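The values are calculated or read from the model by the stated rules, or taken from the named source; none is laboratory data. These figures come from a predicted structure and were not determined experimentally. Cβ: placed from backbone, ideal geometry, glycine included. Neighbour counts: every protein chain shown. Heads up: the accessible areas ignore ligands, DNA and RNA and are worked out on the full protein's heavy atoms, side chains in. Shrake-Rupley method; radii C 1.70, N 1.55, O 1.52, S 1.80 Å.
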Amino acid sequence: MIKFNLYKEGGLKVHFVKKDQELPSEIKEYLEKKKFAYKFKESLYLPSFEEESEIFMGLGDDELDLEDVRNLFFELGNILRDNQEHEVEIKMPELSICNKKTIMAAYEGLRQGEYEFTKKTDVKEKKADFELTVNYTAFRGPEAKLREGLDKIENIMDGVFLARDLVNERANVIYPDTLAKIAKEKLEEAGVKVTVYEEDEIEKIGMKAFLRVAAGATNRPRLIVMEYKNADTEKVALVGKGLTYDSGGYNIKSPSGMNYMHCDMGGAGTVIGTIYALAKNKAKTNIVGVVAACENMISGQAYKSGDVIDSMKGLTIEVANTDAEGRITLADAVHYATNNLGAEKIIDLATLTGAVTIALGEVYTGAVTNNEDFYKEVLEAGKLAGEKMWAFPYDEDYKKLNKSEVADIKNTSGRQAGSVTAGLFVGEFVKENTPWVHLDIAATAYRDKKAGYLPKNATGIHVKTLNNLLDPTDC
Ligand code: BES
Ligand code: MN
Ligand code: ZN
């Protein structure tokens, strides 16, 4: 829990220091004695019995950007929590970035350190229960603007944490029906219209491909449609892959590949978290979110390797591999969003391919797009958020790999360029001439390792990016 006071003093003093900075000579000498090198994020914690404790933090030599500020404050938050320091006074150094964005990044860094997902019963104090009062004393910016920024980033982080919780939660708890219920409850309270379609209605809509993927599971599918309109601007669709569990189907996964496949609704998590934040911030935007939620399971009803199935668009699909199921569900979802819901632009997010981990690791999200201008906007929004992406080539020669001998298209052509062909498969079902960006978040939505403020496991990746894109922050 963070309380952020503006224009107030008191508490442990945090000193951000640079090498060439003027400091009282006794402090300079002390830091020297302690071999303090003024490196970025380097810290020296000086606990005190009677007076307030102090922390020195190095700023390094380079100009700080927003991501540096996040990292700096994440580090600071960890020191405070580890040492049970509950009140701090912070004087931020001047940055070339505007005060509002700086303070938002500072708050975000502190808040990032509060995230935790655990089902352990013996946790003494939840990180989020640690009470921290921040007295922020350095200013140029008008108070109302800074406060506005703080409120905004708080809602965005609530969206990020919601996405993380949904994705970290296991498949015995989150399955299509419960995912739909949580989305409805959370989003309606924030002012979003949520419609949940059950199987008979999905059938009426004509999502034949989606229903084939869902066929094997006892937990039945749900189509979740989330509408948020607070401006007469162009309608943007956010479509999230919503496999609440992916066993692989008859092309079954290996045990090690299967046991974290509750993460396969990472795209859905991001879409729900994003719309939650946008609505809480009363963003002036016009969004429709679509999640075709199901499980990929094995049973006598399940679809089989080699099947040729229909789709909502009317294209026939050869199921060359039942484990390439996400793109099949997305085929109907993106078609529905652009043809039936009237979206003029579309972004889909999906934990789609293992191949993207091989190509880019957990550092960059892999992208495919049919529109360079739209992609650039998404890319820039991502840069501001510290969420990186890299576009694969959009090339007709890759599309040829998806040709089937028996059907209009096949769902995989094997290992070569796996992330490109997967993205292009989805793109085939987007209404023609609709700007489209596909983000393959298989590696970035659910991490093997923590990295800076990003935890291991669910990250809520691109909730921040999409908020920057759809609800930009002014200075
Ligand atoms: N959900 C997986 C992709 C995935 C892999 C997500 C690792 C998160 C971590 C997807 O449905 C899948 O199984 N893809 C296959 C495609 C292949 C059969 C063409 C893959 O990547 O192996
Ligand atoms: Mn799969
Ligand atoms: Zn999958």
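Of the residues contained in segment 288-298, none is found to be without any contact (Cβ under 8 Å) to a residue 60 or more places away in the chain and open to solvent by 10 Å² or more (accessible area, probe 1.4 Å). Among the residues that make up segment 124-143, is at least one of them surrounded by fewer than 18 Cβ atoms within 10 Å (Cβ to Cβ), touching a Ser or Thr at 6+ places or on another chain (Cβ under 9 Å) and among the basic types (Lys, Arg)? So far as segment 124-143 goes, yes, one or more of its residues are surrounded by fewer than 18 Cβ atoms within 10 Å (Cβ to Cβ), touching a Ser or Thr at 6+ places or on another chain (Cβ under 9 Å) and among the basic types (Lys, Arg). The one condition from (1) at pLDDT below 95; (2) more than 23 Å from ASP158 (Cβ to Cβ) that LYS126 does not meet is (2).
Look at segment 219-245: where a residue is more than 16 Å from ligand 1 (Cβ to nearest atom) and a partner is polar (S, T, N, Q), sitting 6+ places away or on another chain with Cβ atoms under 6 Å, you get VAL225/THR195; LYS229/ASN286; ALA231/THR285; ALA231/ASN286; THR233/ASN286; LYS235/ASN286. Whenever a residue of segment 437-449 is acidic (Asp, Glu), its partners that are modelled with pLDDT of 95 or more and within 10 Å of ligand 1 (Cβ to nearest atom), lying with C-beta atoms within less than 8 angstrom and at least six residues away or across chains, give the pairs ASP440/ALA350; ASP440/THR351; ASP440/LEU352; ASP440/THR353; ASP440/VAL356; ASP440/SER419; ASP440/ALA422.
All of GLY159, GLY113 fail the test of being open to solvent by less than 10 Å² (accessible area, probe 1.4 Å) and either more than 21 Å from PRO455 (Cα to Cα) or not assigned by the TED database to the domain that holds LEU384 (or both), apart from GLY113. In a residue-by-residue description of segment 273-293, the property of being within 16 Å of ligand 3 (Cβ to nearest atom) and not in a strand (DSSP E or B) applies to no position. Residues in segment 1-27 that are open to solvent by 20 Å² or more (accessible area, probe 1.4 Å) and within 28 Å of MET157 (Cβ to Cβ): MET1, ILE2, LYS3, ASN5, TYR7, LYS8, GLU9, GLY10, LYS13, HIS15. Might you let me know whether segment 447-459 holds any residue that is within 10 Å of the chain's Cα centre (by Cα), under 13 Å from GLY240 (Cβ atoms) and open to solvent by less than 10 Å² (accessible area, probe 1.4 Å)? No, that holds for no residue. Among the residues of segment 272-292, some residue qualifies, meaning at least one is over 17 Å from ASN468 (Cβ atoms) and within 16 Å of ligand 1 (Cβ to nearest atom).
Among the strands (runs of 3 or more DSSP E) confined to segment 8-60, the ones with at least 3 residues that are on the phi < 0 side of the Ramachandran plot and touching a residue at least 24 places away in the same chain (Cβ under 8 Å) are located at 12-17, 54-58. Annotation note: Cβ proximity below 9 Å between a residue of segment 396-419 that is among the charged types (D, E, K, R) and a residue that is open to solvent by 70 Å² or more (accessible area, probe 1.4 Å) (sequence gap 6+ or interchain) occurs for LYS410/LYS403.
When the strands (runs of 3 or more DSSP E) confined to segment 322-411 are screened for residues that are away from ligand 1 (no atom under 16 Å from the Cβ), those reaching at least 3 such residues are found at 345-350, 389-391.
With respect to the conditions (1) outside any loop (DSSP other than H, G, I, E, B); (2) open to solvent by 40 Å² or more (accessible area, probe 1.4 Å), SER96 lacks only one, and its number is (1). Give the residues of segment 352-365 that are within 16 Å of ligand 2 (Cβ to nearest atom) and either open to solvent by less than 40 Å² (accessible area, probe 1.4 Å) or under 20 Å from HIS262 (Cβ atoms) (or both), sorted by residue number. Within segment 352-365, LEU352, THR353, GLY354, ALA355, VAL356, THR357 meet the criteria.
Considering (1) in a helix (DSSP H, G or I); (2) open to solvent by 20 Å² or more (accessible area, probe 1.4 Å); (3) out of contact with any helix residue (DSSP H, G or I) (no Cβ under 6 Å at 6 or more places or on another chain); (4) not β-branched (Val, Ile, Thr), the lone condition that LEU76 does not fulfil carries the number (2). Among the residues of segment 317-351, the ones that are within 14 Å of ligand 3 (Cβ to nearest atom), among the acidic types (Asp, Glu) and open to solvent by 10 Å² or more (accessible area, probe 1.4 Å) come to 1 in all.
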